[in-house]
Every structure is written in C-alpha cells, then in structure tokens.
Amino acid sequence: MWAVFSFSSMIEGTFTPKQNTGNASTEKRQTTGREPAWVCYFRVSTTKQGESGLGLAAQRDAVARYTGEKGGSTLAEFTEVESGKKASNRPELLKAVELCRRKRATLVIAKLDRLARNVAFVANLMESGVNFVAVDHPKVDRFMLHLLAAFAEEEARKISQRTKEAMAAAKLRGVVIGATGRDKAKRYKAEALERAKQFGPIIAELRASGFTQTRQIRDELNRRGVASPGGARWHLLNTHRTLTRLVGANVRVKSDVLSSL
C-alpha cells in the first residue's frame, strides 16, 4: 500500500490515503518504456532555398544525428518555406504540431531560430503542451528558451533595420534597387540560349529523321550519348526548355516538336 498526497488536502490539514490499484504503475511503465516518436520540422526562408535544398541539408543532418542517438522512430517530416518573422503563416508547422498531439510525439528542429524569431510564437508553442526540442539547445530550460527566442527576434529586427538603411543609402547614391537581379536574369537567359543553340543542328537532324516528339528527341540524344547543357543526361524538362529556347530564337526547329511532353 502507498499513499498519494493531495496538495490541497495538505493545506487544509487533512490527508486521505488511497489504495494503489496498479493502474498508475502500469501506465508509468508504458510511458517510460515507450520508444520516442519524432516529428521533424525544417524551415528555409526563401523559395529558392526550398527548391535547391540549400540550408535543408544541414538541418536534416543535425536532426538525423540527434534522433539517431536518442533512438525511436520518425513519424513524419515537414518543410516550410517562410520567413522566420512571419510566424502566423505556418501551415506545415501546424500540421506537425497536430501530429505531435495525436501521436504524443516530440517536435524536433535543428535550430531554435528555424522555429521562429518571434518570442510570442515560441511562448505559445511551449504552452500548447507539445513537447519539442531544438537540437542546437537540447538541454535548455523554459526560461532559457524564452531568452534565446528573444535574442533571435532582436537579431532579426537588427538585420531588417540594417538592410533598410543600406537600401535607403543606395537610393540616395542613385542606385536602382533591383537592377542587379534584372541584369543577372538577362545574362542568364542569354547564356542559356547560347548553350541551346549548340544543339540546333543535331535536333534539326533528328527531326528530319522522324524524331518529332520531345520524348523521342530526349531518348535519342541519350542513346547517342549526347550530354545535356548541364553535362548530364537528358530528361523531359531540360529537353523541353532547350527546344523552347531554340523555337524562340528561330533556330531551325519548328513549334510542332513541342506538341507533346
């Protein structure tokens, strides 16, 4: 027999012993014996990073090392492409948190600033009852988590302020904001067209031989061992892009070659 002390009964000066039915100890064994379940959350700040995988690899590696050391199973992974300041628009994070609630899993992230550079957001998550761990600060307590989130939020504010000041100074010097990006895009387009023109003769030859569809041209180029503009094999996307550029430049390829993907 063992007794359970009620805090309220102690205040009132009373104490009521309760019989141990075995349920509590059984539940405890089930809880402690249950292998960890992880829900991984990754975030990148730009669409370009999300498409290229830039920034994701390091996050995945850090999380994989942590969960590998702790054991257990990973239930799902969610990747968000969103600014760290815009914590209100996180559909993937909401899905991850909901899954953690249903499966009693732990939300794991590589770095605290990947969750949000927003103190209120982190505080609300901590109050939601969902367990979460930041791999870069796995042992910090709630107080330190609040401080770290506050530091991250302040750093984001300073970065934003410095960027605005730099752009304002550049405008005063007569710099056209955004011109660099437009120039790069124009240069990239011209370079891509020059690369595509190298394939004009062979594609014209293939068409004359009866290879009129994009898939047929792709397969024949690969069969002949012709490297793509990127130096690898041809696939539907780079074949279609090459044909489109040649058609746009009127390089001996007619639009009917693009009739099918």
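The values are calculated or read from the model by the stated rules, or taken from the named source; none is laboratory data. Being a predicted model, the structure only gives us computed values, none of them experimental. For neighbour counting, all protein chains shown are included, and Cβ atoms are generated from backbone atoms with ideal geometry for every residue, glycine included.
Quick notes on this one:
- For Ala116: the one exception among (1) at pLDDT 90 or above; (2) under 21 Å from Leu148 (Cα atoms); (3) within 16 Å of the chain's Cα centre (by Cα); (4) of a type outside the set (Val, Ile, Thr): (1)
- The lone exception for Asp136 - which of (1) among the acidic types (Asp, Glu); (2) under 24 Å from Glu69 (Cα atoms); (3) buried (at least 19 other Cβ atoms within 10 Å of the Cβ) it fails: (3)
- Helices (runs of 4 or more DSSP H) lying entirely in the stretch 144-261 (those with 1 or more residues that are under 27 Å from the mean Cα position of the chain (by Cα) and either loosely packed, with under 14 Cβ neighbours inside 10 Å or modelled with pLDDT under 80 (or both)): 179-197, 236-248
- Verdict on Glu51 being among the acidic types (Asp, Glu) and modelled with pLDDT of 90 or more: no
- Check on Leu93, at pLDDT 80 or above and either closer than 19 Å to Glu35 by Cα or in contact with a Ser or Thr (Cβ under 9 Å, 6 or more places away or on another chain) (or both): no
- Restricting attention to the stretch 134-143, the residues that are modelled with pLDDT under 85, of a type in the set (A, V, I, L, M, F, W, C) and closer than 22 Å to Gln59 by Cα total 1.
- Considering the stretch 181-206, and only residues there that are free of Cβ contacts under 8 Å to residues at least 12 places away in the same chain and of a type in the set (Gly, Ala, Ser), the residue that is farthest from Pro229 (Cα to Cα) turns out to be Gly181.
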